Amino acid sequence: MENLAYPLTGALTLMCLLVYFWTGIVVARARSRLGVRAPATAGPDEFNRIYRAHVNTHEQIVMFLPAAWLFALTVGDCWAALAAAVWCVGRVLYVIGYARAAEKRELGFALTALPMLVCLLGSLGVILWHFIA
């Protein structure tokens, strides 16, 4: 265990990946329930919203995880893990809200965008400070 330099960020990275895996399960269940057979990516509006929530989570995780790790390296393990925890909660709320109605995804989106911006801008600030100081 002593080789694990960023245990909290590591644990929350796994949580982010589990949230992403869960969104895939939500899509699979919607396919079954709504009769949308693979490889179709469109169907009734409810399915389209659920599918888009999954794809959007994919788009977001690709940016968030590197940003969170840069934040852990430049700012700290606890802060990056906190950002990742908020991101996970935001993603779950986003998927649940979007499945109900497109306009109900806003809180989840905000709780996803905020930690992403904190990690990106926080890391950028520390890195820039390193070069100018």
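Things worth noting here:
- All of 8, 14, 34 fail the test of being in contact (Cβ under 8 Å) with a residue 24 or more places away in the chain and either under 22 Å from residue 108 (Cα atoms) or surrounded by 13 or more Cβ atoms within 10 Å (Cβ to Cβ) (or both), apart from 8.
- Lone qualifier among 85, 133, 40, 110 - being surrounded by fewer than 21 Cβ atoms within 10 Å (Cβ to Cβ), at pLDDT below 95, over 16 Å from residue 23 (Cα atoms) and not acidic (Asp, Glu): 133
- So residue 64, is it at pLDDT 95 or above and either over 16 Å from the mean Cα position of the chain (by Cα) or of a type in the set (Val, Ile, Thr) (or both): no
- Filter result (in contact (Cβ under 8 Å) with a residue 40 or more places away in the chain and β-branched (Val, Ile, Thr)) within the stretch 37-72: 50, 61
- Residue 47, sole failed condition from (1) at pLDDT 95 or above; (2) surrounded by fewer than 17 Cβ atoms within 10 Å (Cβ to Cβ); (3) touching a helix residue (DSSP H, G or I) at 6+ places or on another chain (Cβ under 8 Å): (2)
- Hits in the stretch 86-133 - residues which are under 17 Å from residue 62 (Cα atoms), among the hydroxyl-bearing types (Ser, Thr, Tyr) and more than 10 Å from the chain's Cα centre (by Cα): 123
- Complete set of residues in the stretch 75-133 that are within 30 Å of residue 27 (Cα to Cα) and in contact with a Ser or Thr (Cβ under 7 Å, 6 or more places away or on another chain): 80, 81, 84, 87, 90, 91, 94, 95
The values are calculated or read from the model by the stated rules, or taken from the named source; none is laboratory data. What you are looking at is a predicted structure, and each value in this text was computed from that prediction instead of being measured. For neighbour counting, all protein chains shown are included, and Cβ atoms are generated from backbone atoms with ideal geometry for every residue, glycine included.
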